[in-house]
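Peer 1: Mind looking over this structure? Questions follow.
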């Protein structure tokens, strides 16, 4: 036994009650009583008829119980390791205290400074060395081509 | 409730469009009413134009205006009671053409038919229909 619902008002239709109407475009409409079917055939809009379910849902009548359930959803964020920095490495980095970090910063700065100095001295010396490289020889002579015809 | 002079739409591809009832075959009275699943004798009032080339070649029978044929009613505007107590009503009256041996003339049915046909023994029509209510 299947309890249908009325196509106009949303009421429940028990077996042996009501009418079934099949329209020309093969759409099926079920009516629980002659009141519903008459209003449907007069082409009344159920959204404007105050006692229908469609109207009540639209104007939110009597639905306070349904609204209270909707708050219990929150997404939980999970920390995930990436390729190159697994979960332990991320946690270690995050848990460093400020003191350690500033120390690391100073160490990095001083290292950079020394490296820079070394670079400068290196640049000064080899800049002169490759200038004196033998007498000037033209490219053609070096290549030893056809003998200059 | 189809009786004398009642018009029905034809929903198969036999070529007829509109038929008019002349006699309802179930009862031995002249003023009987036909309902879903009843056989009637009818006159074709309007038919699709049959081209001369198609006349001789096609195997499907094409009916013409003025033909007297038989038909079975598949949809009625008058509500029909189902065994579970429901009433089913369609928006128009419709029929499917038959020959004298209760076989269909067309090969396809377009539209919804009533499920009461099955109870009256027209299972072939029900199986061909695209939708049964």
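Peer 1: Taking residue A:8, is it outside any loop (DSSP other than H, G, I, E, B) and buried (at least 17 other Cβ atoms within 10 Å of the Cβ)? Write out each step before concluding.
Peer 2: Values: outside any loop (DSSP other than H, G, I, E, B): no; buried (at least 17 other Cβ atoms within 10 Å of the Cβ): yes.
Considered against the rule, which asks whether it is outside any loop (DSSP other than H, G, I, E, B) and buried (at least 17 other Cβ atoms within 10 Å of the Cβ), residue A:8 comes out as no.
Peer 1: Here's something else I'd like to know. Go through segment B:99-130 residue by residue and tally those that are in a loop (DSSP other than H, G, I, E, B) and either within 14 Å of chain A (Cβ to nearest Cβ) or loosely packed, with under 13 Cβ neighbours inside 10 Å (or both). Walk me through it before giving the result.
Peer 2: We begin by selecting, within segment B:99-130, every residue in a loop (DSSP other than H, G, I, E, B); these are B:99-103, B:105-108, B:110-111, B:114-115, B:120-122, B:129-130.
Checking the rest, the ones that are also either within 14 Å of chain A (Cβ to nearest Cβ) or loosely packed, with under 13 Cβ neighbours inside 10 Å (or both) come to B:99-103, B:107, B:110-111, B:114-115, B:121, B:129-130.
The qualifying residues number 13.
Peer 1: Right, here's the next one. Of all residues being in a loop (DSSP other than H, G, I, E, B) and touching a strand residue (DSSP E or B) at 6+ places or on another chain (Cβ under 7 Å) in segment B:79-98, which is farthest from residue B:63 (Cα to Cα)? Just the residue, please. If you could, list the steps in order and put the result at the bottom.
Peer 2: Step one: list which residues in segment B:79-98 are in a loop (DSSP other than H, G, I, E, B), which gives B:79, B:82-86, B:91-93.
When the remaining residues are screened for being touching a strand residue (DSSP E or B) at 6+ places or on another chain (Cβ under 7 Å), the result is B:79, B:82, B:86, B:91-93.
Working: B:79: 30, B:82: 34, B:86: 37, B:91: 25, B:92: 22, B:93: 20 Å.
If we take residues in segment B:79-98 being in a loop (DSSP other than H, G, I, E, B) and touching a strand residue (DSSP E or B) at 6+ places or on another chain (Cβ under 7 Å), then B:86 is farthest from residue B:63 (Cα to Cα).
Peer 1: Out of A:79, A:104, I need the residue that is exposed (fewer than 12 other Cβ atoms within 10 Å of the Cβ), free of Cβ contacts under 8 Å to residues at least 40 places away in the same chain, more than 14 Å from chain B (Cβ to nearest Cβ) and not in a helix (DSSP H, G or I). Which one? Show your work before the answer.
Peer 2: Working: A:104 fails: not in a helix (DSSP H, G or I).
Exactly one residue qualifies, and that residue is A:79.
Peer 1: Please indicate, with yes or no, whether at least one residue in segment B:46-55 is assigned to a strand (DSSP E or B) and either farther than 21 Å from residue B:122 by Cα or at pLDDT below 90 (or both). Give the steps one after another, and end with the answer.
Peer 2: To start, the set of residues in segment B:46-55 that are assigned to a strand (DSSP E or B) comprises B:46-47.
Those left that are additionally either farther than 21 Å from residue B:122 by Cα or at pLDDT below 90 (or both): B:46-47.
Checked segment B:46-55: at least one residue is assigned to a strand (DSSP E or B) and either farther than 21 Å from residue B:122 by Cα or at pLDDT below 90 (or both).
Peer 1: Output yes when any residue across segment A:28-51 is within 14 Å of chain B (Cβ to nearest Cβ), within 43 Å of the chain's Cα centre (by Cα), on the phi < 0 side of the Ramachandran plot and modelled with pLDDT of 90 or more, and no when none is.
Peer 2: Checking segment A:28-51: at least one residue is within 14 Å of chain B (Cβ to nearest Cβ), within 43 Å of the chain's Cα centre (by Cα), on the phi < 0 side of the Ramachandran plot and modelled with pLDDT of 90 or more.
The values are calculated or read from the model by the stated rules, or taken from the named source; none is laboratory data. Keep in mind that this is a model prediction, so the values were computed, not measured. Every residue, glycine among them, receives a Cβ derived from its backbone with ideal geometry; neighbour counts consider all protein chains shown.
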